[in-house]
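A short worksheet on the structure shown next.
The values are calculated or read from the model by the stated rules, or taken from the named source; none is laboratory data. For clarity, every value in this text was computed on a predicted model and none was experimentally measured. Cβ atoms come from the backbone with ideal geometry, glycine included; neighbour counts cover every protein chain shown.
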């Protein structure tokens, strides 16, 4: 909450304690600390432009072979190179699906930093895999992915900005943790823990005051100083309450309904038109939320089971074979077998023979 609003409240309600939402305090604090760094990092990554080449490479990789994965599930692989290619796809695919959203938005979700971190982790996995790869096609594919990722992880300016952002985010996460804002899910509306939270915040502020006296880098010094300053400035407002202690810590309850409505719009229409639709038909959109009303459900669906109704329409679109989660699980298992030099090309290997022998011996006895 900015100072202008607080001054206005003070004039309209003189002498009345003001309670500000801790979540919005943290959001504004995070923007002050990290917005410039995060924006600069995003611009640098965009200028290099590796996302399109990586998407193109991913599009050229064959889909996961369920036949090969069934073999992996049985402890062998008759086509090692196919498994190597799937291992590379398994490393690249999550990188292209980085959203970095915790449900709270920036600064709680740092998508540019998350993408850089994911690139660095993917680069390490590819480096480990490159030592074990045998196929020419899979090695060429791995080299092309490594070269693209290296344009990010090998760029000194990007590494420097990402390092600074990561350092400042570490301090931000400390104060966020003290306020007990969870990583994901709904914000807590617990009304009984103000004193404990206040004590923990004071401990964190004290730790940061110690940082200021240590030999730390300039960006860490400025971040710690800003956190202390903003916290001390707003401390009384963050924990002000009435005698009944019934004022919530956040505006979560008031905003949950609106978040549900906007989420439904964005899923259907995207972000660009969400604002226009809300302005034109905001009231009627509340009907989407009536699915939680038993009377409404009874009128629309009668005695029919809602999941069964939707399952009937989804059934024709279900694909046969393994589930997505099982595919990824087996790709991960096959990758580990490559790295451990335990990817046999036939089911009749020493390990399987030993299992069969042990099993037969147990049956005989």
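Remarks
- The residues on offer are 61, 85, 98, and the sole one that is surrounded by fewer than 20 Cβ atoms within 10 Å (Cβ to Cβ), closer than 22 Å to residue 325 by Cβ and without any contact (Cβ under 8 Å) to a residue 60 or more places away in the chain is 98.
- Here is the figure for the range 61-90: residues that are assigned to a helix (DSSP H, G or I) and either over 19 Å from residue 146 (Cα atoms) or modelled with pLDDT under 90 (or both) total 9.
- Residue in the range 5-25 that is modelled with pLDDT of 95 or more and exposed (fewer than 13 other Cβ atoms within 10 Å of the Cβ) present: no
- Selected residue (only one of 37, 58, 6 is closer than 30 Å to residue 235 by Cβ, assigned by TED's automatic domain parsing to the domain that holds residue 162 and either part of a helix (DSSP H, G or I) or over 30 Å from the mean Cα position of the chain (by Cα) (or both)): 37
- Filtered by the rule that a residue be buried (at least 17 other Cβ atoms within 10 Å of the Cβ) and either more than 28 Å from the chain's Cα centre (by Cα) or outside the structural domain of residue 205 (by TED's automatic domain parsing) (or both), the range 217-236 gives a lone residue, 234.
- Each residue in the range 122-133 was checked for being within 18 Å of residue 331 (Cβ to Cβ) and exposed (fewer than 14 other Cβ atoms within 10 Å of the Cβ), and 2 pass.
- Those residues of the range 109-151 which are out of contact with any helix residue (DSSP H, G or I) (no Cβ under 7 Å at 6 or more places or on another chain) and not in a helix (DSSP H, G or I), in sequence order: 109, 131
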